[in-house]
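Following: one structure in structure tokens, then a few remarks.
The values are calculated or read from the model by the stated rules, or taken from the named source; none is laboratory data. In this text the structure is predicted, and so the values were computed from the model without any measurement. Counting neighbours? That spans all protein chains shown, and the Cβs are built from the backbone with ideal geometry, glycine included.
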Ligand SMILES: Nc1nc2c(c(=O)[nH]1)N[C@H]1C(S)=C(S)[C@@H](COP(=O)(O)OP(=O)(O)OC[C@H]3O[C@@H](n4cnc5c(=O)[nH]c(N)nc54)[C@H](O)[C@@H]3O)O[C@H]1N2
Ligand SMILES: Nc1nc2c(c(=O)[nH]1)N[C@H]1C(S)=C(S)[C@@H](COP(=O)(O)OP(=O)(O)OC[C@H]3O[C@@H](n4cnc5c(=O)[nH]c(N)nc54)[C@H](O)[C@@H]3O)O[C@H]1N2
Ligand code: SF4
Ligand SMILES: [Mo]
């Protein structure tokens, strides 16, 4: 055995950025443990961090470029691979124009600064406007709210969990997810701390989640009715005369407009739709407005639904009118070492939104990306601008985008497809060429995105632990070389680390934070302190004011007022998704240590509904939507609201080379989700509240 070494490292699987201590020798990992001194994660990790070693040694991992010949993947050299890719992409673009090539960027890119800093070069080399990512299956409503209210998509309010007295959580399960658009590792402990100092946490969710159980206070809500609840809370704050914008009063426009707009959204109206009693809503509004500090946090369940943008707008508005915006214990703004807002400042610039609309069904484009919900129709529909070739980088839309099977069929019909990925899976099996990627332990790590959303400011950087297999290049280099080959250039740009060094010099802690100071941090990460009030200087709206009631949201209110749950005799139940501790989206399920045990891909159903449809525990049930049907074992539980069924996301690995993942037969929730269901303001997929029926098999 060679000498043991240890390293501090940030886990980059999810948004939580947990501090790890990795012990390893020349060939393998000996242990992965939590770093108790990490100022953000304070000793928290989850089982996925231990699996970081499995992703490297996964026997099914793609480790050489693979070209499809007569339906089989055969290894080829890197030179051959780049040449083949450039040749085929050029042929498609010559025949069908630049937009003939589409690109889909998946979630792992957001956790890899090398990819984030080189992908724009690839997109530029392609010159295509057909860009997609997992963001429109996830979070665009948050960015849309920030754009219209604050002037910049990345100026994102983050709950000041460390100081709040009352936290309202809608559609988030941070005890399992560790927070999203809120980097908050060890969220359970943070909730315990709120309660220990006399505060409260109230969870509003159609499922009594792990977070709800630990919070102690939970209200069931009917799917997709959150905006009605939030607007009723705002209505009640005004009705009870409790509005107080505090320090933001002088820079905020639209208070009276908002007050007028929420008139029809009474507590009684919300009660009828949400299932939460009107008096409970009135009390909650009073408690929220009169708490010393309070923060409302609405996430996945409230953004990936038909009213996602209204939810995020109303969520901000509630925090603003109660003086809980940019104020300790409320929603605040981070000051990370790399300033994602400042480095792309829009100050003084006028722009119109949405930036444009999609070719086939006129869905909105934000942040340069079309909704993933329209990707299939853009591949299927003939005409100028039709996608005839696709590139996926770290994405698995066949399992993760709504109506994923339709996307799979559209991929199959393309002239050319290529993927940069770890696996031959449900998505990449359609490719003509797969280029292997490097995994976390083979790469440098600095989190370019999630420090911007973190409940505490910190900075950390780590070097690779191992070299990639077969002398493969770093993933960023693969992206850069591909871009160079496409644009006919013989050289690639500076390394991401060089660019990072430069960007850090323009950030909030220039001078103190460099790659070197981070590497030398005695506890593995540098503590940059709690969140601070700073919004007045940071607003990026053209008039430098905070817009409480932008027209884009007001114009959507009649649709909300008319909303009726889409249940009918044919489809009497509403389907929602759930996340699980030992699985991350669709790609960690080939780690035996994460996938072991019973089949966790179950449908949860309330006892009343089980009786209604004659279903018994553990029986197989067929869930059918307007789009497809799939079979799951049933789990009957009081933890789910009557009329609602919950199915986990990320499963359904069927095809490709994934020995551990296909050990148990699971199904993809996105065989059932409907790509026609969209939040019309943002174009975000509406994964939640899908009408379905259940039947014993
Ligand atoms: N273990 C694990 N952690 C993860 C991930 C993972 O796959 N596994 N994925 C990561 C990613 S990419 C993200 S974006 C984050 C997401 O993190 P979260 O936002 O915490 O997402 P979920 O855990 O899916 O929680 C969504 C909640 O919304 C509820 N819900 C569904 N519909 C509605 C509705 O209409 N109204 C309300 N109020 N609630 C509703 C669901 O029951 C569920 O409890 O998690 C990240 N962390
Ligand atoms: N119904 C429903 N659908 C959902 C959700 C839901 O809650 N409900 N959640 C949505 C959310 S929040 C998200 S973020 C999306 C995620 O959607 P995607 O980003 O499309 O899916 P991932 O599962 O993250 O897929 C990652 C892909 O990248 C590969 N991969 C993993 N690591 C690397 C790497 O380092 N480099 C490269 N090149 N490849 C890598 C994996 O093999 C896999 O193919 O799913 C969305 N889909
Ligand atoms: S919570 Fe997220 S960042 Fe923390 S160890 Fe688990 S996967 Fe890694
Ligand atoms: Mo996500």
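The condition of being touching a strand residue (DSSP E or B) at 6+ places or on another chain (Cβ under 9 Å) and within 26 Å of residue 137 (Cβ to Cβ) holds for only one of 576, 636, that being 576.
Rundown of residues vs (1) within 16 Å of ligand 1 (Cβ to nearest atom); (2) within 32 Å of the chain's Cα centre (by Cα); (3) closer than 27 Å to residue 442 by Cα, yes/no style:
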| position | (1), (2), (3) |
| --- | --- |
| 69 | no, no, no |
| 77 | no, no, yes |
| 80 | no, no, yes |
| 87 | no, no, no |
| 94 | no, no, no |
| 100 | no, yes, no |
| 107 | yes, yes, yes |
| 110 | yes, yes, yes |
| 118 | no, yes, yes |
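The single residue among 323, 308 that is in contact with a helix residue (DSSP H, G or I) (Cβ under 8 Å, 6 or more places away or on another chain) and farther than 19 Å from residue 154 by Cα turns out to be 323. Filtered by the rule that a residue be buried (at least 24 other Cβ atoms within 10 Å of the Cβ) and within 16 Å of ligand 4 (Cβ to nearest atom), region 155-176 gives 171, 172, 173, 174. If you go through region 334-353 and keep only what is in contact with a strand residue (DSSP E or B) (Cβ under 8 Å, 6 or more places away or on another chain) and surrounded by fewer than 24 Cβ atoms within 10 Å (Cβ to Cβ), you end up with 335, 353. The lone criterion from (1) under 20 Å from residue 175 (Cβ atoms); (2) more than 16 Å from ligand 4 (Cβ to nearest atom); (3) crowded, with 21+ Cβ neighbours inside 10 Å left unmet by residue 604 is number (3). One residue stands out among those in region 202-213 that are surrounded by fewer than 24 Cβ atoms within 10 Å (Cβ to Cβ) and closer than 23 Å to residue 453 by Cα: the one that is farthest from ligand 2 (Cβ to nearest atom), which is 202.
Of the candidates 496, 436, 473, the single residue that is over 27 Å from the mean Cα position of the chain (by Cα), in contact (Cβ under 8 Å) with a residue 24 or more places away in the chain and within 16 Å of ligand 2 (Cβ to nearest atom) is 473. Residues considered: 358, 373. Of these, the only one that is more than 24 Å from residue 88 (Cβ to Cβ), buried (at least 19 other Cβ atoms within 10 Å of the Cβ) and either modelled with pLDDT under 95 or away from ligand 4 (no atom under 16 Å from the Cβ) (or both) is 358. Of everything listed in (1) closer than 13 Å to residue 151 by Cα; (2) modelled with pLDDT of 95 or more, the single unmet condition for residue 306 is (1).
For region 677-693, a residue qualifies if it is over 15 Å from the mean Cα position of the chain (by Cα) and part of a loop (DSSP other than H, G, I, E, B), and the qualifying residues are 677, 679, 680, 681, 689. For region 275-308, a residue qualifies if it is in a helix (DSSP H, G or I), away from ligand 2 (no atom under 16 Å from the Cβ) and touching a residue at least 24 places away in the same chain (Cβ under 8 Å), and the qualifying residues are 280, 281, 282, 284, 285, 286, 287, 288, 289, 290.
Scanning region 264-274 for residues that are free of Cβ contacts under 8 Å to residues at least 60 places away in the same chain and assigned to a loop (DSSP other than H, G, I, E, B) yields one hit, 266.
If you scan region 504-534, which residues turn out to be in a helix (DSSP H, G or I) and surrounded by fewer than 20 Cβ atoms within 10 Å (Cβ to Cβ)?
Within region 504-534, 515, 516, 517, 519 meet the criteria.
For region 378-397, filtering for residues that are surrounded by fewer than 17 Cβ atoms within 10 Å (Cβ to Cβ) and not in a loop (DSSP other than H, G, I, E, B) leaves 1. Whether any residue in region 563-578 is over 22 Å from residue 180 (Cα atoms), within 16 Å of ligand 2 (Cβ to nearest atom), surrounded by 14 or more Cβ atoms within 10 Å (Cβ to Cβ) and modelled with pLDDT of 95 or more is what I want to check. Looking for residues that are over 22 Å from residue 180 (Cα atoms), within 16 Å of ligand 2 (Cβ to nearest atom), surrounded by 14 or more Cβ atoms within 10 Å (Cβ to Cβ) and modelled with pLDDT of 95 or more, one finds at least one in region 563-578, hence yes. Could you go through region 16-25 and let me know if any residue there is surrounded by fewer than 19 Cβ atoms within 10 Å (Cβ to Cβ) and either within 13 Å of ligand 3 (Cβ to nearest atom) or at pLDDT below 95 (or both). Yes, there is a match, as at least one residue in region 16-25 is surrounded by fewer than 19 Cβ atoms within 10 Å (Cβ to Cβ) and either within 13 Å of ligand 3 (Cβ to nearest atom) or at pLDDT below 95 (or both).
Within the option set 643, 683, 652, being within 30 Å of residue 365 (Cβ to Cβ) and within 14 Å of ligand 1 (Cβ to nearest atom) holds for one residue only, 652.
Can you tell me which residue in region 105-153 is nearest to residue 387 (Cα to Cα), limited to those that are part of a loop (DSSP other than H, G, I, E, B) and within 16 Å of ligand 4 (Cβ to nearest atom)?
Residue satisfying both the conditions and the ranking: 106.
Taking residues in region 8-28 that are without any contact (Cβ under 8 Å) to a residue 24 or more places away in the chain, and partners anywhere that are assigned to a loop (DSSP other than H, G, I, E, B), the pairs with Cβ atoms closer than 7 Å and at least 6 places apart or on different chains are 23/4. Quick one: would you say residue 230 is surrounded by fewer than 23 Cβ atoms within 10 Å (Cβ to Cβ) and at pLDDT 95 or above? Criteria not met by residue 230. Of the strands (runs of 3 or more DSSP E) lying entirely inside region 1-63, those carrying at least 2 residues that are closer than 17 Å to residue 581 by Cβ, more than 16 Å from ligand 2 (Cβ to nearest atom) and over 22 Å from the mean Cα position of the chain (by Cα) are 29-34. Taking (1) assigned to a loop (DSSP other than H, G, I, E, B); (2) at pLDDT 95 or above; (3) exposed (fewer than 13 other Cβ atoms within 10 Å of the Cβ) in turn, residue 498 satisfies each apart from (1).
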